[in-house]
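Engineer: A single structure is presented below for examination.
The values are calculated or read from the model by the stated rules, or taken from the named source; none is laboratory data. Quick caveat, the model's predicted, so the values are computed rather than measured. Cβ: placed from backbone, ideal geometry, glycine included. Neighbour counts: every protein chain shown.
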Amino acid sequence: MATQFIPYGRQHITQADIDAVVQVLHSDFLTQGSQVPAFEKLVADYTGAKFGVAVNSATSALHIACLALGLGKGDILWTTPNTFVASANCALYCAASVDFVDVDPITLNLSVEKLAEKLEIAKTQNKLPKIVVPVHFAGEPCDMAKIHELSKTYGFKIIEDASHAIGGKYDGKPIGNCEFSDITVFSFHPVKIITTAEGGLATTNSQALAEKMQLFRSHGITREVDKMVGEPDGSWYYQQIDLGFNYRMTELQGALGVSQMANLDKFVARRHELAKRYDELLKDFPIILPFRNPNNYSGLHLYPIQIKVESGKTRKQVFDTLREQNIGVNVHYIPLHTQPYYAKMGFQQGDLVNAENYYQGAISLPLFYDLTDEMQDDVVRALQKALN
Ligand SMILES: *Cc1c(COP(=O)(O)O)cnc(C)c1O
């Protein structure tokens with residue numbers, strides 16, 4: 001039994017992070033200063049995208065990304081059922097509707113084959129999606145080139161939900177460069193790869209989309225004369241030209257983000273060391289290990305295993321035994337279409353069998369920068385006991 005509770009994920013905060021936040025507290029600007037733009041530039045430069053728009057969460061980023069792409073009443077957004085609720089809720093915020101494309105049973109990402117089939121049917125029914133949201137589950141990149149190709153044929157927009165994937169690479173290039181999407185969204189919740197406590201950011205190569213997202217994150221208000229209706233009354237003047245929100249990131253968060261970015265590559269590299277160690281230590285266990293495509297570099301937010309039926313144990317038994325031994329395992333994800341709120345819209349158990357089958361055995365093992373080899377050995381021993 002682990003002597004201390006080992007969570008499935010947690011932040012790593014350095015003295016430099018703390019100093020950066022404290023410095024902001026001593027400064028003139030707690031919000032709308034220089035730190036958020038600096039963070040936006042750092043993430044944009046890191047990913048290779050032209051623009052970065054920081055907000056108070058990835059959920060907000062998904063919302064303003066949908067708004068910027070013009071999603072509204074009568075439109076449809078498609079995403080994967082193997083994700084957090086926010087990947088789909090963004091459509092509902094815009095009064096659009098949601099549909100799901102099942103996952104590939106190996107990668108656990110939205111299946112490109114199923115997407116192609118569903119698009120062909122949707123075309124004949126005049127029900128094509130306006131936006132598709134692929135989620136890089138656990139940090140493993142989706143097959144973006146193929147999804148992008150389909151978007152050209154069927155005319156949909158793409159928002160990558162890269163909440164699990166900052167620091168990862170698809171085909172050698174950084175996730176978030178938007179080569180195959182309109183917008184990419186990152187999350188900086190403390191369990192994710194880098195943190196700003198709460199926070200999110202959208203990257204894009206389109207100046208028009210970046211400007212729209214900037215407008216939506218701040219009440220729909222502009223101070224730019226060329227965007228105003230008529231002439232400004234004076235230099236104090238601003239205009240509300242659309243209905244936006246207050247989704248701004250604070251300067252404290254921006255400064256923390258800037259400081260965290262310095263360690264991003266180190267964080268992801270350690271996650272890879274730990275994942276390789278799990279792969280080796282668990283290779284003879286009656287479980288399915290997570291897939292990693294050797295042509296990609298996962299952000300490795302999660303290490304999700306699946307308990308095999310042959311183990312003779314249910315996921316619940318294994319999960320409960322691990323928790324009793326102080327191992328803070330978790331489950332990612334309860335298939336989104338089975339949530340009561342979505343079931344009310346007519347989605348049913350059995351609609352998306354790959355996501356449902358995966359869920360039956362799914363357990364996410366602890367994976368974070370500060371997990372030591374010794375703690376990981378405790379996890380492995382606890383799992384062995386749970387499976388016996
Ligand atoms: C965490 C997460 C979100 C939401 O991120 P917040 O920053 O907490 O709003 C969205 N999508 C996925 C896949 C996530 O894991």
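Engineer: How about region 361-379: which of its residues are part of a helix (DSSP H, G or I) and closer than 15 Å to ASN330 by Cα?
Structural biologist: Just the residues of region 361-379 that are part of a helix (DSSP H, G or I), to begin with: 361, 373-379.
Selection gives GLY361, VAL379.
Engineer: Which condition breaks for LYS130 when tested against (1) in contact with a Phe, Trp or Tyr (Cβ under 7 Å, 6 or more places away or on another chain); (2) within 12 Å of the ligand (Cβ to nearest atom); (3) not polar (S, T, N, Q)?
Structural biologist: (2)
Engineer: Oh, and also: Being over 26 Å from LEU201 (Cα atoms), of a type in the set (Lys, Arg) and without any contact (Cβ under 8 Å) to a residue 12 or more places away in the chain: is that true of LYS283 here?
Structural biologist: Details: over 26 Å from LEU201 (Cα atoms): yes; of a type in the set (Lys, Arg): yes; without any contact (Cβ under 8 Å) to a residue 12 or more places away in the chain: yes.
Yes.
Engineer: Can I ask one more? Any residue at all in region 81-99 that is within 12 Å of the ligand (Cβ to nearest atom), out of contact with any strand residue (DSSP E or B) (no Cβ under 9 Å at 6 or more places or on another chain) and at negative phi?
Structural biologist: Among the residues of region 81-99, at least one is within 12 Å of the ligand (Cβ to nearest atom), out of contact with any strand residue (DSSP E or B) (no Cβ under 9 Å at 6 or more places or on another chain) and at negative phi, which makes the answer yes.
Engineer: Does PHE51 count as touching a Ser or Thr at 6+ places or on another chain (Cβ under 6 Å), crowded, with 19+ Cβ neighbours inside 10 Å and not basic (Lys, Arg)?
Structural biologist: yes
Engineer: Next question. For region 227-267, which residues satisfy the criterion of being under 31 Å from the mean Cα position of the chain (by Cα) and hydrophobic (A, V, I, L, M, F, W, C)?
Structural biologist: Pass one, region 227-267, residues under 31 Å from the mean Cα position of the chain (by Cα): 240-267.
Within region 227-267, ILE241, LEU243, PHE245, MET249, LEU252, ALA255, LEU256, VAL258, MET261, ALA262, LEU264, PHE267 qualify.
Engineer: Quick one: in region 197-208, which of the residues that are surrounded by fewer than 23 Cβ atoms within 10 Å (Cβ to Cβ) and more than 8 Å from the ligand (Cβ to nearest atom) is farthest from ALA44 (Cα to Cα)?
Structural biologist: Pass one, region 197-208, residues surrounded by fewer than 23 Cβ atoms within 10 Å (Cβ to Cβ): 197-198, 205-208.
Next, only the ones that are more than 8 Å from the ligand (Cβ to nearest atom) stay: 197, 205-208.
Details: ALA197: 20, ASN205: 9, SER206: 12, GLN207: 13, ALA208: 16 Å.
Among those residues, the one meeting the criterion is ALA197.
Engineer: Hey, another quick one. For region 123-164, which residues satisfy the criterion of being among the acidic types (Asp, Glu), part of a loop (DSSP other than H, G, I, E, B) and closer than 22 Å to THR59 by Cβ?
Structural biologist: Within region 123-164, just GLU140 meets the criteria.
Engineer: Conditions first: (1) surrounded by fewer than 24 Cβ atoms within 10 Å (Cβ to Cβ); (2) touching a residue at least 12 places away in the same chain (Cβ under 8 Å); (3) closer than 22 Å to GLY48 by Cβ. PHE84 passes all but one, so which condition is the exception?
Structural biologist: Single failed check for PHE84: (3).
Engineer: Now a separate question. Are there any pairs, at least 6 apart or on different chains, whose C-beta atoms fall under 9 Å, with the first in region 27-42 and loosely packed, with under 13 Cβ neighbours inside 10 Å and the second in a helix (DSSP H, G or I), and if so, which?
Structural biologist: Sorted first by the residue in region 27-42, then by its partner, the pairs are LEU30/VAL24; LEU30/GLU251; LEU30/LEU252.
Engineer: Here is a list: ALA91, ALA116, ALA95. Which entry is within 22 Å of ASP143 (Cα to Cα) and in the same structural domain as GLU160 (by TED's automatic domain parsing)?
Structural biologist: Working: ALA91 fails: within 22 Å of ASP143 (Cα to Cα); ALA95 fails: within 22 Å of ASP143 (Cα to Cα).
After ruling out the rest, the residue left standing is ALA116.
Engineer: Which residues, taken from region 162-189, are more than 9 Å from the ligand (Cβ to nearest atom) and farther than 16 Å from LEU300 by Cβ?
Structural biologist: Those that are more than 9 Å from the ligand (Cβ to nearest atom) and farther than 16 Å from LEU300 by Cβ: ASP171, GLY172, LYS173, ASN177, CYS178, GLU179, PHE180, SER181, ASP182, ILE183, THR184.
Engineer: Taking region 317-337, which residues are under 25 Å from PHE100 (Cβ atoms) and part of a loop (DSSP other than H, G, I, E, B)?
Structural biologist: Those that are under 25 Å from PHE100 (Cβ atoms) and part of a loop (DSSP other than H, G, I, E, B): VAL331, HIS332, TYR333, ILE334, PRO335.
Engineer: Still on this structure, please answer the following. Looking at region 42-122, what strands (runs of 3 or more DSSP E) fall wholly within it and have at least 1 residues that are among the polar types (S, T, N, Q)? Break it down stepwise before answering.
Structural biologist: Values: elements: 51-55, 76-79, 97-100.
Qualifying strands (runs of 3 or more DSSP E): 76-79, 97-100.
Every residue, every condition in (1) within 15 Å of the ligand (Cβ to nearest atom); (2) under 23 Å from GLY70 (Cα atoms), yes or no:
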residue: THR195; (1), (2): yes, no
residue: THR222; (1), (2): no, yes
residue: VAL225; (1), (2): no, no
residue: VAL229; (1), (2): no, yes
residue: ASP233; (1), (2): no, no
residue: ILE241; (1), (2): no, yes
residue: VAL258; (1), (2): no, no
residue: MET261; (1), (2): no, no
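Each row is one residue, and each column tells you yes or no for (1) in a loop (DSSP other than H, G, I, E, B); (2) among the basic types (Lys, Arg); (3) surrounded by fewer than 24 Cβ atoms within 10 Å (Cβ to Cβ).
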| residue | (1), (2), (3) |
| --- | --- |
| ARG248 | yes, yes, yes |
| GLY257 | no, no, no |
| GLN260 | no, no, no |
| ASP265 | no, no, yes |
| ALA269 | no, no, yes |
| ALA275 | no, no, yes |
| GLU280 | no, no, yes |
| ARG292 | yes, yes, yes |
| PRO304 | no, no, no |
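Engineer: Mind listing whichever residues of region 171-221 are aliphatic (A, V, I, L, M) and either in a helix (DSSP H, G or I) or farther than 14 Å from ALA61 by Cβ (or both)? Spell out the reasoning first.
Structural biologist: Taking region 171-221 and keeping what is aliphatic (A, V, I, L, M), we get 175, 183, 185, 191, 193-194, 197, 201-202, 208-210, 213, 215, 221.
Of everything in region 171-221, those that are aliphatic (A, V, I, L, M) and either in a helix (DSSP H, G or I) or farther than 14 Å from ALA61 by Cβ (or both) turn out to be ILE175, VAL191, ILE193, ILE194, ALA197, ALA208, LEU209, ALA210, MET213, LEU215, ILE221.
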